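Reviewing the structure listed below.
Rule-based calculations on the coordinates, nothing more; no lab input. As the structure is a prediction and not an experimental result, all values here were calculated from the model. FYI the Cβ positions are ideal-geometry reconstructions off the backbone, even for glycines, and counts take in every protein chain you see.
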Amino acid sequence: MTNKHLLVVGVSSSGPQHRFYIERIRRAGNEITLLTPQYHSWLKDIVNTFLYCDPFNEDACVEVARACHESNPFDGVLCFYEPYVKTAAKIAANLNLLGLSIEVARRCRNKYAMRNALWQHGVRIPKYALAEDYTKIPEIVQQFEYPVVLKPVEGAASIAVMRLNSDADLEVYMEKFVEIPRILNFKGEMPHSFLIEEYLDGEEACIDSFVQGDKIVPLMTCEKVLPMKGPLFLEEMYLSPPRYSKDKMEKLLECNTQAIKALGVNIGITHAEFRIVDGVPYVLEVAARPGGMPFPMMIELLTDVDLPNLMAQLVSGVSSIPTVNIKQHVALRDLFAPKTGKVLDLQGISECMDHPNIHSVTVYTKVGEQVYAPPHPKGFRPNIASVVAIGKTSLECLESLIEASTLIRPKIEFVENMKH
């Protein structure tokens, strides 16, 4: 697909995160217009036009996009960034372009609305309740037995998600975590509300799927290799295909299909998260966008599916159902700062990249920069590096990943009173 004019709604502030998508789509011969609140110099060589508007101001974005559309019509609207999914849907709807309905996008963005829809359709989910603001959290928690999990309703990337085992843990959460949505300026219909849910003791998995009408095609299923038992849920290691039995895999895929249909998603790429308890999957959430970087790269390594251009074709109305054939194993390890401070040294990057089974290393920091660890609001995302390995077997893939990624050794000096 070439010569299409595509509107991309928002990107994250980190260069590697979304450059991969835009670069791929641009390389295929398409024109890119980026709607963004600010100029991004790291995209100047691949973005044709910048439109400046706050993506959280949905109505203003519609008008800015409409003005551009009248002089240079868009063929489709794309969004790779969780906070802006609803804005993208509203623009597409107002310009009569393909996309999720505004209500479905809202349902996928708001975890409380999502849980309600899943529950109404009989999809297995944890027991849950809403605290409309942080002052209500202690009262709502008393309706559950410990352990429980708290998470912001409009959050993403496991930011401020914590398992509580006791009233003492609740005090820690109230002291150090409830202000994170305000500090990070979460926006949406319920930016300062929290979901309280029962903790399910099991393994975690995720699935990225292609959706077109009633066709749902799983592109990549990952097991999260390390135990996800809390208190924080930093997602550190993924493996695909997962080492599951045929029965477990079938149940997981069936649950994924049920959840996507229950939410009304009929176009796009979804990223669904699950807990598997005694072989039975429960849905934690379904996002109306792909998994974060480097998931698109992993999908291509796993299946040869070019996810960025598949998405572009889908919203332009020229896509076909992708054929998914697993050609090798792929694994990811995200490296987080062990403590908040200043990076004095970062060793082992070149040695890691030299490993024959390492496909790529994305480095997020450099010597002299500050890095963060939870409960600092910036400590919930990978901030040292992401390492992707390939292999002929799951064992080869994991062994290579662990061997190579442990070569990366950041030396961090603790710094008091680092600002948010």
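Checking the a/c ratio against 1.5 first, then a/b against b/c, what shape does the Cα gyration tensor give for the stretch 329-420?
Details: a/c = 3.20, a/b = 2.09, b/c = 1.53.
Prolate.
Taking each residue as 0.36 nm, the span from D304 to D247 lengthens on full extension beyond its C-alpha to C-alpha distance by 17.9 nm. Over the chain, DSSP H runs of length four or greater, each weighted -39,500 (n - 2.57), average out per residue to a 222 nm ellipticity of -9000 deg cm²/dmol. Can you work out the base-10 log of I(q)/I(0) for the stretch 5-97 at q = 0.10, 0.16, 0.22 1/Å, using the Debye formula on its C-alpha atoms alone? At q = 0.10, 0.16, 0.22 Å⁻¹ the computed log10 ratios are -0.21, -0.56, -1.11. For the listed peptides 352-364, 77-89, a ranking on the average number of other beta carbons within 10 Å per residue, highest first, reads 77-89, 352-364.
Compute log10 of I(q)/I(0) for the chain with the Debye formula, placing one identical point scatterer on every Cα and leaving out solvent, at q = 0.11 Å⁻¹, to two decimals. Treating every Cα as an identical point scatterer, log10 I(q)/I(0) equals -0.86.
Rank the residues M298, M293 as a footprinting-exposure proxy: fewest other Cβ atoms within 10 Å of their Cβ go first. It would help to have the intermediate numbers written out before the result.
Details: M298 25, M293 21.
Fewest-to-most Cβ neighbours within 10 Å comes out as M293, M298.
When each of the peptides 147-155, 111-119 is scored by how many other beta carbons lie within 10 Å of its residues on average, the order from highest to lowest is 147-155, 111-119. Counting every other Cβ atom within 10 Å of each residue's Cβ, Y21, Y199 order from fewest to most as Y199, Y21.
Length available on full extension from Q347 to V172: 0.36 nm per residue minus the Cα-Cα distance, which gives 59.6 nm. Size descriptor for the stretch 109-168, Kirkwood hydrodynamic radius: 12.6 Å (Cα pairs only, one decimal). Globularity index of the stretch 127-198 is 0.98 (Cα radius of gyration / 2.2 N^0.38 Å, N = number of residues).
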